[in-house]
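The values are calculated or read from the model by the stated rules, or taken from the named source; none is laboratory data. Since we're looking at a predicted model, the values are computed, not measured. Please note: Cβ atoms are built from the backbone with ideal geometry, for glycine as well, and neighbour counts cover all protein chains shown. Keep in mind that these areas ignore ligands, DNA and RNA; they rest on the heavy atoms of the full protein, side chains included. Shrake-Rupley method; radii C 1.70, N 1.55, O 1.52, S 1.80 Å.
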Amino acid sequence: MQAELICFEQACRARYAITDVLYNCPKCGGLLEATYAFAHDAADLKKLWRERRMSNARLDQSGVWRYREFFPFLKDLEHVVTLREGNTPVLDAPRAARYAGLERVAFKHQGYNPTGSFKDNGMTCGASQAMALGMTRVACVSTGNTSASMAAYASAAGLQPIIFIPHGNISYGKLAQALEYGAKTLQVEANFDQILALIRVLAERLGIYLLNSINPFRIEGQKSIMVELMDQRDWQAPDWVVLPGGNLGNTSAFGKALREMKALGLIDKLPKLAVVQAEGSAPFFDFMSRPERGVFPAVEHPETLATAIKIGDPVSWPKALLEVTTTEGVVEKVTEQEIADAKAQIGLCGIGCEPASAATLAGIRKLTAAGVIDKSADVVAVLTGNVLKDPDYIYKYHTGQLKAPGGSAILSTYGNEPVVVPNDADRIAALLG
Ligand code: F0G
């Protein structure tokens, strides 16, 4: 299987060896992607991938590497670093559907991953490529989940993880993971976008391998989220796939996966992608809403309590533009209050997620009310992170202490405050009724 890197810019399309350490096209500066000469029969692949679910082999137990024919960039599979990522459930959520005005909705919950977010799907591939290239140190800037994931995979592989995080802007749950998994942790007095520029210089100078989603192998791994979803649905594509948008790596990965699955004959239609951003951090929404697109309108000081998607200048926007356009999808933005309430509703389904993930349900509600999503549509929302990633946010919401970035109060519409009671059976019984 011939695998290469190719420049994403249609006017360039320069090709490079799959083993070149590149993050942008040396000729034109464009984004890079992996490309393959696929020659598979769809029915054979479906059968093979289903059979592997019965296997105890290391790679077959991974919900990413089980689908390895779909991203054959490694010559030698002995380099694979796996923590048995993927294998995440698709959960029906009738209560959330009612909240959003839909007849039904399902959540593909990536928070069930080893480090609690969808980043593990990509990181297993990025870390494996680092091993194949003989790297010793890996780095990323992160709003918290990429760093938690990279720290785990790098340490599992014996690589040194170095993470850069915007000081004071990530949740303790995520920071704690990075420390526990042994990452050298640098808190920088700058925002995500500024730090990404900084580490690109450092990676070059020090020969460190970059594992942000600009790394094409991360994107290859994240494709598995869509493949696993379709496999779980017996290859029936839904009408909509809804996801939060930050740096737009996931949007790029999902779109690429859907196009490639369609080309291979694994699915017969493309679901529409709906990307949801937080209002204070919504450059892609702004860009897609303008009739004349022009220059990408980066947000200099992005703001949102959904810190995972607090990104003003998403690197993968050119890819995301293609994917949203190809699938005839949409981009929506939602307020802090809408995210917080939608998150509480996902919690009431017994499912739970972190704030950024809840942007999906808030977005679906808006899009259904506007008639963009039909109420009988078959909708899958991807919950990107685990409920325990940001407990501070949850406690504040339920106790009426959550404040939006500008300082205005967020209503605890579905608040559930703990009650302090005396050690007295009669009084507690009276309270419980
Ligand atoms: N949801 C969660 C929980 C995330 O952690 C992220 C991104 C996103 C959504 C947005 O995904 O960037 O592919 O559009 N988190 C990154 C990080 C940026 O550093 O952990 P995207």
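Of everything in the range 348-372 that's among the hydroxyl-bearing types (Ser, Thr, Tyr) and either within 21 Å of residue 110 (Cβ to Cβ) or in contact with a Cys (Cβ under 7 Å, 6 or more places away or on another chain) (or both), which residue is farthest from the ligand (Cβ to nearest atom)?
360
Only one residue in 372, 315, 324 is part of a loop (DSSP other than H, G, I, E, B), closer than 25 Å to residue 218 by Cβ and either within 16 Å of the chain's Cα centre (by Cα) or modelled with pLDDT of 95 or more (or both). Which one?
315
Quick check on the range 94-132: of everything there that is hydrophobic (A, V, I, L, M, F, W, C) and open to solvent by 40 Å² or more (accessible area, probe 1.4 Å), which residue is farthest from the ligand (Cβ to nearest atom)? Spell out the reasoning first.
If we filter the range 94-132 for residues that are hydrophobic (A, V, I, L, M, F, W, C), which is where we start, we get 96-97, 100, 102, 105-107, 118, 123, 125, 127, 130-132.
In the following step, the residues that additionally are open to solvent by 40 Å² or more (accessible area, probe 1.4 Å) were identified as 131-132.
Working: 131: 22, 132: 23 Å.
Only one residue fits best here, namely 132.
Just give me the residues in the range 209-250 being within 14 Å of the ligand (Cβ to nearest atom) and free of Cβ contacts under 8 Å to residues at least 60 places away in the same chain, in sequence order.
The one that is within 14 Å of the ligand (Cβ to nearest atom) and free of Cβ contacts under 8 Å to residues at least 60 places away in the same chain: 226.
Taking the range 377-417, which residues are loosely packed, with under 10 Cβ neighbours inside 10 Å and either in a helix (DSSP H, G or I) or in contact (Cβ under 8 Å) with a residue 12 or more places away in the chain (or both)?
406 - this is the single residue of the range 377-417 that is loosely packed, with under 10 Cβ neighbours inside 10 Å and either in a helix (DSSP H, G or I) or in contact (Cβ under 8 Å) with a residue 12 or more places away in the chain (or both).
Conditions (1) at pLDDT 95 or above; (2) loosely packed, with under 14 Cβ neighbours inside 10 Å; (3) hydrophobic (A, V, I, L, M, F, W, C), marked per residue:
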| position | (1), (2), (3) |
| --- | --- |
| 5 | yes, no, yes |
| 31 | yes, no, yes |
| 39 | no, yes, yes |
| 62 | yes, no, no |
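Quick one: would you say residue 129 is out of contact with any Cys (no Cβ under 8 Å at 6 or more places or on another chain), farther than 18 Å from residue 58 by Cα and polar (S, T, N, Q)?
No.
Check whether at least one residue in the range 423-430 is open to solvent by less than 10 Å² (accessible area, probe 1.4 Å), outside any helix (DSSP H, G or I) and not polar (S, T, N, Q), and report yes or no. Spell out how you get there, then give the answer.
We begin by selecting, within the range 423-430, every residue open to solvent by less than 10 Å² (accessible area, probe 1.4 Å); these are none.
So far as the range 423-430 goes, no, none of its residues is open to solvent by less than 10 Å² (accessible area, probe 1.4 Å), outside any helix (DSSP H, G or I) and not polar (S, T, N, Q).
Can you tell me which condition residue 278 does not meet? The list is (1) crowded, with 19+ Cβ neighbours inside 10 Å; (2) closer than 25 Å to residue 38 by Cβ, and all the others hold.
(2)
With the condition kept exactly as written, say whether any residue in the range 188-197 is open to solvent by less than 40 Å² (accessible area, probe 1.4 Å), in contact (Cβ under 8 Å) with a residue 12 or more places away in the chain, more than 20 Å from the chain's Cα centre (by Cα) and farther than 25 Å from residue 18 by Cα.
yes
Condition first: polar (S, T, N, Q) and out of contact with any Phe, Trp or Tyr (no Cβ under 6 Å at 6 or more places or on another chain). Can you find one or more residues in the range 339-356 that meet it?
Within the range 339-356, the first condition is being polar (S, T, N, Q), and the residues that meet it are 345.
Retained after the next criterion (residues that are out of contact with any Phe, Trp or Tyr (no Cβ under 6 Å at 6 or more places or on another chain)): none.
The answer is no; no qualifying residue exists.
Taking residue 419, is it farther than 30 Å from residue 31 by Cα and in contact with a helix residue (DSSP H, G or I) (Cβ under 8 Å, 6 or more places away or on another chain)?
For residue 419, the condition - farther than 30 Å from residue 31 by Cα and in contact with a helix residue (DSSP H, G or I) (Cβ under 8 Å, 6 or more places away or on another chain) - is met.
Any residue in the range 85-108 that is in contact (Cβ under 8 Å) with a residue 60 or more places away in the chain and part of a strand (DSSP E or B) sitting within a Cβ distance under 6 Å of a residue that is open to solvent by less than 40 Å² (accessible area, probe 1.4 Å) and of a type in the set (Lys, Arg)? List the pairs, counting only those 6 or more apart or interchain.
Between residues of the range 85-108 that are in contact (Cβ under 8 Å) with a residue 60 or more places away in the chain and part of a strand (DSSP E or B) and residues that are open to solvent by less than 40 Å² (accessible area, probe 1.4 Å) and of a type in the set (Lys, Arg), the close pairs are 90/108.
Please go through the range 328-356 and give me each residue that is open to solvent by less than 40 Å² (accessible area, probe 1.4 Å) and under 13 Å from residue 274 (Cα atoms), ordered by number.
329, 330, 331, 332, 334
Yes/no per residue for (1) within 14 Å of the ligand (Cβ to nearest atom); (2) open to solvent by less than 10 Å² (accessible area, probe 1.4 Å):
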residue	(1), (2)
134	no, no
142	yes, yes
155	no, no
163	yes, yes
168	no, no
173	yes, no
179	no, no
